[in-house]
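Each reported figure results from applying straightforward, stated rules to the coordinates on display, with no laboratory input. Predicted model only: the values in this text are computed from it and were never measured. Here the Cβ positions follow ideal geometry from the backbone for every residue, glycine too, while neighbour counts run over all protein chains shown.
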Amino acid sequence: MSDGARLQRDLTEPEPIPEAGIARATELMRSGRLFRYGEMGADQLDVSLLEQEFAAFVGRRFCIAVNSGGGALFLALKVLGVRPGDPVLVNGFTLAPVPGAILHASARPVIVEIGRDYVIDPDDLRRKARASGAKVLLLSHMRGHIADMDAVMAVVAECGLKLVEDCAHSLCASWKGRTIGTFGAAAGFSAQTYKHLNAGEGGFLVLDDETMAARAILHSGSYMLHGQHVSAPGAGVFERLGEEVPNFSMRMTALAAALLRPQLAELPRRAKRWNDIHDRIAAGLRRSQHIRVPERGGGQVFSATSVQFSASGLSPDEMKTFLELAKARGVPIKWFGAAKQAGFTSAPRHWHYAGDQGPLAQSHAILADLCDIRTPVTLTDAECDLIAEIVRDSIERTVIGRSETKADPQDPLQQAS
């Protein structure tokens, strides 16, 4: 099962942390001052400066740095006023922390169908918004696939929805020149390893409303030390909130911020290389008649850290054969159609905690064929070509194996039938 050249790379290998980040992290560890707040005044400003820099990079007024991307989405829902039991719309192609953020806010996910290019179906969004009475859409720009934001925002306006954007995989992306993460009332980003920024774990909530920002700062766990934020609403906003906002202890540490700050300057270079890698592999995959790579047309500028495609027409058993062949040659492929969730990968049919969502036939059919390959930013062009070759060859061998089985006249089972 391992004929042909094998990829000699670990596709989960991240790029090293910049030396400036390592040096600052070492300095902090020697000081022991890893908490972002200090009782005698700000012990250090790493997190506050990162918040200011990240907000400027995205183009939002405020940024609150927290301990995870999922935590940022939870905070967004809380500061938008989502209450226990409220329906929250979410597209069906995303990862478990997104519906998890809705449940974390004690709200109820309402899953919206996706279309053949993996993005939210605006018509089903309109139907589900009206049927559920939901007032919030948590739109996941999953794996950097950007929906027709003109169509989405038209439904948002028509149905009176508040929009929260999940931008875990879309830093540096845009739609018709407008930065992804600036369309909604709030947006959440991730700094988990394998994302555009890497602190191991971490997240950012960005928004423009000063009352929501103050609530988020208090929720995140500032105690009464919110004055140590370099960029924050004025003291009067915090005074108006009084003692009504609970502390959820979701702060980012100084150590994570120290690792992240030097990476911001590297983002444009990394995003361009990631897109070059995506496009080269995608071009190679399109050479197979059994593979469909989704269209990324319209007004979007995407920002990919992985490659997705649909392996058309394979049965579940054939899909397993295909995945085994590719893995044997060094290319592990995530499959969203698997009967059981595995690793980071899951689909709406696995989210029993989300309650009965009805048939979702369109999404299930699309996810049944959907495959995902992680792409380190350090891949060479030759490695990209080899990945595409391995995937093409593996699916061709699977299809040929099917044809040979059907045509084998010596097969006693076929003769008996």
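Of the DSSP beta bridges with both residues in the chain, give the percent that are antiparallel, rounding to the nearest 5.
Details: 26 of 43 bridges.
Expressed as a percentage, antiparallel bridges in the chain total about 60.
Let's see if you can work this out: charge +1 on each Lys and Arg Cβ, -1 on each Asp and Glu Cβ, no other charges. What is the dipole magnitude of region 243-377 about its Cα centre, in debye to the nearest 20?
Numbers: 18 positive and 12 negative charges, 138 e Å.
Charge dipole, region 243-377, about its Cα centre: 660 debye, nearest 20.
Quick one: ASP121, ASP381, ASP393, fewest Cβ neighbours within 10 Å first, how do they rank? Please list the in-between numbers first.
Values: ASP121 20, ASP381 10, ASP393 17.
Going from least to most buried by this count: ASP381, ASP393, ASP121.
In debye, nearest 20, what is the charge dipole magnitude of region 19-262 about its Cα centre with +1 on Lys and Arg Cβ and -1 on Asp and Glu Cβ, if you could check? All intermediate terms of the calculation are to be shown ahead of the outcome.
Numbers: 24 positive and 25 negative charges, 49 e Å.
Around 240 debye, computed over region 19-262.
Tell me whether region 266-403 comes out rounded, prolate or oblate; compute the Cα gyration tensor, take square roots of the eigenvalues as a ≥ b ≥ c, and use a/c under 1.5 as the rounded threshold. Can you show the working numbers first?
Working: a/c = 1.79, a/b = 1.19, b/c = 1.51.
Oblate shape, in that a/c is at least 1.5 and b/c is the bigger or equal ratio.
Could you state the number of Å between the C-alpha centres of region 111-132 and region 200-245?
Here the answer is 33 Å between Cα centres.
With the cut-off at 1.5 for a/c, could you classify region 213-259 from its C-alpha gyration tensor as rounded, prolate or oblate?
Values: a/c = 2.84, a/b = 1.59, b/c = 1.79.
Oblate, because a/c is 1.5 or more while a/b does not exceed b/c.
Restricting to region 19-262, compute how many DSSP beta bridges are antiparallel as a %, nearest 5.
Working: 14 of 31 bridges.
Percent antiparallel among DSSP bridges in region 19-262 is about 45.
Which values of log₁₀ I(q)/I(0), to two decimal places, follow from the Debye formula for the chain at q = 0.07 Å⁻¹ with a uniform point scatterer at every Cα?
-0.36
Between region 70-97 and region 345-365, how far is it from one alpha carbon centroid to the other, in angstrom?
17 Å
Dividing the convex hull volume of the Cα atoms of region 85-175 by its residue count, what figure in Å³ per residue is obtained?
Values: hull volume 7.5 nm³, N = 91.
In region 85-175, the Cα convex hull volume per residue is 82 Å³.
Can you pull the percent of Cα pairs in region 174-307 with separation above 26 Å?
Values: 3641 of 8911 pairs.
Of all Cα-Cα distances in region 174-307, 41 percent exceed 26 Å.
Counting only other residues whose beta carbon sits under 12 Å from that of ARG116, what net charge do I get with K and R as +1, D and E as -1? It would help to have the intermediate numbers written out before the result.
Values: positive: ARG292; negative: GLU113, ASP117, ASP121, GLU295, ASP369.
Net charge in that neighbourhood comes out at -4.
Scattering from the C-alpha atoms of region 19-262 alone, worked out with Debye: what is log10 I(q)/I(0) at q = 0.17 1/Å?
One equal scatterer on each Cα of region 19-262 leads to -1.22.
Per DSSP helix of 4 or more residues, -39500 (n - 2.57); summed, then divided by the residues of the chain. What does that give at 222 nm, rounded to the nearest 500?
Numbers: 13 runs with 169 residues, N = 417.
Taken over the chain, the calculation gives -13000 deg cm²/dmol.
Can you sort CYS63, CYS384 from fewest to most other Cβ atoms within 10 Å of each residue's own Cβ? Spell out each step's value before the answer.
Numbers: CYS63 27, CYS384 21.
Going from sparsest to densest Cβ surroundings: CYS384, CYS63.
Please report, in debye to the nearest 20, how large the charge dipole of the chain is about its Cα centre when each Lys and Arg carries +1 at its beta carbon and each Asp and Glu carries -1 there.
On the way: 46 positive and 48 negative charges, 60 e Å.
Taking the Cα centre of the chain as origin, the dipole is about 280 debye.
Quick one: Cα centre-to-centre distance for region 265-309 and region 1-51, in angstrom?
26 Å
Would you mind checking the pairs LYS195/LYS272; LYS272/LYS327; LYS128/LYS340; LYS78/LYS176 and listing those with alpha carbons more than 18 angstrom apart?
Values: LYS195/LYS272 14 Å; LYS272/LYS327 27 Å; LYS128/LYS340 27 Å; LYS78/LYS176 30 Å.
Table pairs above 18 Å Cα-Cα are LYS272/LYS327; LYS128/LYS340; LYS78/LYS176.
Arrange the peptides 87-99, 30-42, 199-211 so that the one whose residues have, on average, the most other Cβ atoms within 10 Å appears first. Please report the intermediate quantities before stating the final value.
Details: 87-99: 24.1, 30-42: 13.5, 199-211: 22.1.
Order by mean packing, descending: 87-99, 199-211, 30-42.
Can you sort MET252, MET212, MET153 from fewest to most other Cβ atoms within 10 Å of each residue's own Cβ? Let's see the in-between values first.
On the way: MET252 27, MET212 23, MET153 17.
The most exposed by this proxy come first: MET153, MET212, MET252.
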